[in-house]
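The block underneath contains the structure these notes are about, expressed in structure tokens.
Values quoted throughout were computed directly from the atomic coordinates according to the rules given, and no laboratory measurement underlies them. This structure is a prediction, so every number in the text was calculated from the model and none was measured. Cβ placement follows ideal geometry from the backbone for every residue including glycine, while neighbour counts extend to all protein chains displayed.
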2 protein chains.
Amino acid sequence: MTEMLKGNTARPLYLQIQDILLKEIQAGVYGTEGKLPSERELAERFKVSRMTARQALQSLHQHGLVYAQVGKGTFVRRAAFKQGLESLSSFTEDIRALGQVPHSQVLFAQVMPADEIVAQRLQIPLHSPVSVLKRLRFANQQPLAIETAHLPYACCPNLLSRHDFTHESLYRVLQEVYGIRLAYAEQTFRADLADATERRLLNMADGALNIVLRVARVTFNSTDQPIEYVSSAYHGAHYEFQVSLRAVRAQVMLP
Amino acid sequence: MTEMLKGNTARPLYLQIQDILLKEIQAGVYGTEGKLPSERELAERFKVSRMTARQALQSLHQHGLVYAQVGKGTFVRRAAFKQGLESLSSFTEDIRALGQVPHSQVLFAQVMPADEIVAQRLQIPLHSPVSVLKRLRFANQQPLAIETAHLPYACCPNLLSRHDFTHESLYRVLQEVYGIRLAYAEQTFRADLADATERRLLNMADGALNIVLRVARVTFNSTDQPIEYVSSAYHGAHYEFQVSLRAVRAQVMLP
DNA sequence: ACCCTAGTGTGGTATAGAGCATTCGAACGA
DNA sequence: TCGTTCGAATGCTCTATACCACACTAGGGT
């Protein structure tokens, strides 16, 4: 049973194999055991060298979808059914993944000079132009978060004037229009009281539970340039933030 | 200038090279440019094949310490000086990394039957024995967090009776005594009000700011078995949680 | 001055092959 | 029946080689 992989100019072979395996994982092939074909079997099946087959498995491993055991084989992680390949996701994608309908209300969208905090986070000179996008975020018509994104103007000129982020996803535009790949992010989480504006926007009752989860995030592209600094306040009672961490080959350092 | 790499039985060659490069990065070789030697140069320097040198660089890349650009070279991430190889860190390590002195007060340490939540998180039968370790965590003598860890008794028998976790790190014991490698973690963050006990333990003033950051975490070993379920409450005013996320080869899936 | 081209160096992909340690079951012997 | 040995399968490391696409530079031509 030979398999059709696209020839020269397409996506690399090992990624094509990775895609196929991912689909099979999500389709539930490999059953409850979750045992994938061995490297040698995959090499045979796809008519590639063993190293190429191995690379496909390793890519899945790096995404946290499978794990390997010497002498036994490669197995599907139980959590792999839910998640895909993306590890840096946007609010839009997160909400959609929960089966809810996201939308946004743009509160502010303007180019402004960077203040100290923004300049430091984005590693740009003070007062450089920055696209600021402040949005109230909804899931199923309920306000969940206030999100303020700052992007160096030079990275994506005319970002705000050319797009309407009421429905468009910022990440999608960055990727598809400006060709910017987000590769790395640093996030901090803090619990705090909501201020008056936040209480009003997030529809919080006057007396109780005026608590927000503050998330600050700097996202970098693949060449270590800061692309966005996002400062968010999530409704404390209605939102929970989830992240997955992989210890990439956690080997002890010898002293 | 040839380099001394240990022979047959030691750590794999590419990891030895990785270690050397990491030390050089942290020592500030490669200067402000941050340009590492090319794959071919490394192969020459360490007398290994290019694929092996490449593997060392890739390992650093997966840990988020460097990034590569075709046609140009491999470069140090600016954030790489602070961080090491570990991505799954414990409270003890986190506090130490901030230059503060951690210690703990054990509030509870006993084997108990698992309730529904714990059983579900750890994927074990209801009422199976679980080692429960509840600690008040300090940094520089100030109470910062209440942390309750649950571990399946079968994973690490006699964990609580044989160790005193006032000063010992749970992760260290897991790794060094039981040989358990933590490979993967799922964390959720939530902002919440502190209850009476938490206010008391965390030394919170009566009127104001009784806010905690709740972090729930399930950690898996390399074979996808849940090893610990930790539920924590961090002092809202004094603690901020930081995580780094890498998009491991974020390639678009074709539909 | 300007543009184009050729060359060199870079990381990324792919092949073919080898030996290693671990795992597990089947065959074997006590 | 029990334990041991052996072999097959598996993932991991490592070598050697090759070609590609991309980035940059130096030269040469206009």
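Size descriptor for chain A, Kirkwood hydrodynamic radius: 21.1 Å (Cα pairs only, one decimal). Compared with the direct C-alpha span, the chain from residue B:96 to residue B:70 gains 5.6 nm at full extension, assuming 0.36 nm per residue.
With the convex hull of the Cα atoms taken as the outline of region A:61-182, the averaged projected area works out to 9.9 nm².
Relative to the other identical copies, residue B:223 shows label-point distances of 4.6 nm, where the label point lies 7 Å from Cα along the Cβ direction and values run shortest first. Scanning residues 5 or more positions from residue B:227 or on other chains, those with amide H under 5 Å from its amide H are B:219, B:220, B:221, with H placed 1.01 Å from N in the peptide plane. Using θ = phi - 60° in the Karplus curve 6.51 cos²θ - 1.76 cosθ + 1.60, the 3J(HN,Hα) couplings for region A:133-148 round to 10, 10, 10, 9, 9, 10, 10, 6, 6, 9, x, 10, 7, 10, 10, 10 Hz; x is entered for Gly and Pro. Sequentially through region B:187-202, phi angles give Karplus couplings (6.51, -1.76, 1.60; θ = phi - 60°) of 10, 10, 10, 8, 9, 8, 7, 7, 8, 4, 4, 4, 4, 5, 5, 8 Hz, Gly and Pro residues having no value and appearing as x. Counting pairs of alpha carbon atoms under 8 Å apart in space and at least six apart in sequence, what relative contact order in percent does chain B give? Taking the mean separation of contacting Cα pairs over the length of chain B, I get 13 percent.
When chain A is treated as a Gaussian network with alpha carbon springs shorter than 10 Å, the biggest mean-square fluctuation among A:95, A:117, A:146 belongs to A:117.
Of all aspartates and glutamates in the structure, those lying under 16 Å Cα to Cα from residue A:35, and not within fewer than 8 positions of it along the same chain, are A:24, B:224. Under a Gaussian network description of chain A, with springs only between Cα atoms under 10 Å, the residue in A:245, A:160, A:136 that fluctuates furthest is A:245. Along the axis of the charge dipole computed for the protein assembly as shown (Cβ charges of +1 for Lys and Arg, -1 for Asp and Glu, origin at the Cα centre), the listed residues A:169, A:231, A:117 are led at the positive end by A:169.
Projecting 7 Å from Cα along the Cα-to-Cβ direction, the label point of residue B:98 sits 2.8 nm from its equivalents in the other copies, listed shortest first. With a Förster radius of 56 Å applied to the C-beta separation of residue B:44 and residue B:199, the computed FRET efficiency comes to 0.35. Near the amide H of residue A:194, within less than 5 Å, lie the amide hydrogens of A:211, A:212, all on another chain or at least 5 residues away, with H placed in the peptide plane. Placing a label point 7 Å from Cα along the Cα-to-Cβ axis, residue A:49 is separated from the same position in the other copies by 0.8 nm, shortest listed first. Residues considered: B:212, B:70, B:101. Largest GNM mean-square fluctuation over chain B, using C-alpha springs under 10 Å, is found at B:70. Which log10 I(q)/I(0) values does region A:1-140 give at q = 0.12, 0.21 Å⁻¹ under the Debye formula, counting every alpha carbon as one identical point scatterer? Rounded to two decimals, the profile gives -0.70, -1.21. Per-residue extension of 0.36 nm, minus the Cα-Cα distance of residue B:106 and residue B:242, leaves a gain of 46.5 nm for this segment.
Taking the Cα centre of each part, how many Å lie between region B:14-38 and region B:148-179? Cα centroid of region B:14-38 versus Cα centroid of region B:148-179: 35 Å apart. Using a cut-off of 26 Å between Cα atoms, the listed pairs A:23/A:47; B:23/B:72; B:6/B:72; A:6/A:72 include B:6/B:72; A:6/A:72 as exceeding that distance.
Amide H to amide H distances under 5 Å link residue B:111 with B:132, where only residues 5 or more positions off or on other chains count and H is placed in the peptide plane. Taking a ≥ b ≥ c as the square roots of the eigenvalues of the Cα gyration tensor, the protein assembly as shown is rounded, since a/c falls below 1.5.
For chain A, find the longest principal axis of its Cα atoms and tell me its angle to the long axis of helix A:13-27, 0 to 90°, nearest 10. On a 0 to 90 degree scale, this one is about 80. Computed 3J(HN,Hα) for region B:90-100, one whole-Hz value per residue from the Karplus formula 6.51 cos²θ - 1.76 cosθ + 1.60 where θ = phi - 60°, is 9, 3, 3, 5, 4, 5, 4, 4, 8, x, 10, glycine and proline marked x.
Using C-alpha pairs below 8 Å separated by at least 6 residues, the relative contact order for region A:91-235 is 23 percent.
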